[in-house]
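Visitor: Take a look at this one; I'll ask things after.
The values are calculated or read from the model by the stated rules, or taken from the named source; none is laboratory data. Being a predicted model, the structure only gives us computed values, none of them experimental. For neighbour counting, all protein chains shown are included, and Cβ atoms are generated from backbone atoms with ideal geometry for every residue, glycine included. Calculation scope for accessible area: heavy atoms of the full protein, side chains included, ligands and nucleic acids excluded. Shrake-Rupley method; radii C 1.70, N 1.55, O 1.52, S 1.80 Å.
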Amino acid sequence: MIRLAIQSKGRLNEESVKLLKDSGIDVDDTKRKFIGKASDFPLELLYLRDDDIPGVVCDGAADLGIVGFNEIAESGADVVVIRKLGFGKCRISLAVPKEVDYPGLSWFQGRSIATSYPSVLKKFLSEQGISAQIREIKGSVEIAPTAGIADAIFDIVSSGGTLVSNGLREVEVVLESEAVLIGRKDAESGKQKLIDSILFRFDAVRESRGKKYILMNIPSDKLEDAMRLLPSMRSPTVMPLALDGWCSIHSVVDDSDLWHTVESLKQIGAEGILILNLDKVID
Ligand code: PRT
Ligand code: ZN
């Protein structure tokens, strides 16, 4: 049995549960007790506040955790990042009132900065040789300049909408973050097999995200043109059709290239194009 700590509620909860479910690990998320059990995998879930996740993994109360990289950076917990998970993307940035004529980092010299990430900020300022006052506040950091609590803020930014609506402007990105799977340096050997099995499933789910399976019929003399348009994972699968002079191609395309690729394939004579969702990809 292994224990995985995830956020009990908040921005990372839903995606964490979805990743487990897509990985065939069925968790009953409706009750949100402190501890939950997967019904079909030897896994116990600890539902915690995100701030507590690095610590419980570090001291062994959980074997794995899913948490924002920003929390690892702030806590300084001695854990290893096993995988980046591709969701919860954000950055921790310095922001100043929008009317400030910002000359560069020297502006912060001698000023006060409100933040919930004092350790990350302290490290950054000392690396940059800037001496500023750090005012730690737990929530609503973005109102600090208007409230006269600090000259600037250091906070999480995602779309940037919160900064704009509080009359602030992002001037320095200090740390890029996303949800990560964390563990300990030396996992107990008995548990490593289960951890590997979870990783295998997570990787298969992640590999399939942002991709589509595409199949079509194409005149055989256009095959080479089609192959150039379809890089696929290794190379596209090509099968002859019963109809002379035609073949069928199967491939995998990134969502970002999908429509461009489909239009180009149509132009060279592809017919009967089918686009399907990918469930898992195992390399
Ligand atoms: O209760 P608990 O302690 O578990 O949760 P929490 O309130 O501390 O954290 P939560 O649920 O807000 O966020 C969890 C994690 O999501 C963070 O640690 C980040 O890793 C990640 N994340 C991703 C974000 C955002 N995007 C984000 N936008 N965390 C916070 N925000 C805030 C941001 O500070 C701003 O105030 O959301 C607001 C809106 O952002 P904009 O830029 O889109 O306007
Ligand atoms: Zn928190």
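Visitor: Give the relative contact order (percent, whole number) for the stretch 211-277; include only Cα pairs under 8 Å separated by 6+ residues.
Guide: RCO, the stretch 211-277: 52 percent.
Visitor: Per DSSP helix of 4 or more residues, -39500 (n - 2.57); summed, then divided by the residues of the chain. What does that give at 222 nm, rounded to the nearest 500?
Guide: Here the helix-only value at 222 nm equals -7500 deg cm²/dmol.
Visitor: Rounded to two decimals, what is Rg over Rh for the stretch 211-277 when you use alpha-carbon atoms and the Kirkwood radius?
Guide: With Rg and the Kirkwood Rh in hand, the quotient comes to 0.93.
Visitor: Would you calculate the separation in nanometres between label points at residue 242 and residue 264, each defined as 7 Å from the Cα along the Cα-to-beta-carbon direction?
Guide: Result: 3.3 nm between the two label points.
Visitor: Using only C-alpha atoms and all pairs of different ones, pull out the Kirkwood radius for the stretch 176-259 in Å with one decimal.
Guide: Over the stretch 176-259, the inverse of the mean reciprocal pair distance is 16.1 Å.
Visitor: Direction-averaged shadow area of the convex hull around the Cα atoms of the stretch 104-154, nm²?
Guide: 3.2 nm²
Visitor: Efficiency by 1/(1 + (r/R0)^6): what FRET value for residue 186 and residue 213, r their Cβ-Cβ distance, R0 = 51 Å, to the nearest 0.05?
Guide: 0.80
Visitor: Rounded, prolate or oblate: which fits the stretch 1-41, taking a ≥ b ≥ c as square roots of the Cα gyration tensor eigenvalues, rounded meaning a/c under 1.5, else prolate when a/b beats b/c?
Guide: It comes out oblate by the Cα gyration axes.
Visitor: Counting only protein heavy atoms and using a 1.4 Å probe, what share of the accessible area of the chain belongs to carbon plus sulfur, as a whole percent?
Guide: Result for the chain: 49 percent of the exposed heavy-atom area is carbon or sulfur.
Visitor: Over all distinct Cα pairs, what is the inverse of the mean 1/r for the chain, reported as the Kirkwood hydrodynamic radius in Å?
Guide: 22.2 Å
Visitor: Next question. Cα-based count: Lys pairs in the stretch 167-279 below 26 Å, eight or more positions apart or different chains?
Guide: So the count of such lysine pairs works out to 6.
Visitor: Moving on. Under a Cβ-Cβ cut-off of 10 Å, what is the net charge of the residues other than residue 203 that fall near it, where Lys and Arg count +1 and Asp and Glu count -1?
Guide: Neighbourhood net charge equals +2.
Visitor: While we're looking at this one, here's another question. So what is the accessible area of the chain per residue, in Å², with the probe set to 1.4 Å?
Guide: 53 Å²
Visitor: Let a ≥ b ≥ c be the square roots of the eigenvalues of the Cα gyration tensor of the stretch 90-177; is it rounded (a/c under 1.5), or, if not, prolate (a/b larger than b/c) or oblate?
Guide: rounded
Visitor: What aspartates and glutamates sit close enough to residue 37 to cross-link, taking a C-alpha to C-alpha distance under 15 Å and skipping anything fewer than 8 places away on the same chain?
Guide: 26, 28, 29, 63
Visitor: Now, a different point. Along the Cα→Cβ direction, 7 angstrom out, place labels at residue 256 and residue 131. What is the inter-label distance in nm?
Guide: 4.5 nm
Visitor: Which net charge results when you count Lys and Arg as +1 and Asp and Glu as -1 among the other residues whose beta-carbon is under 13 Å from that of residue 95?
Guide: For residues surrounding residue 95, the net value is -2.
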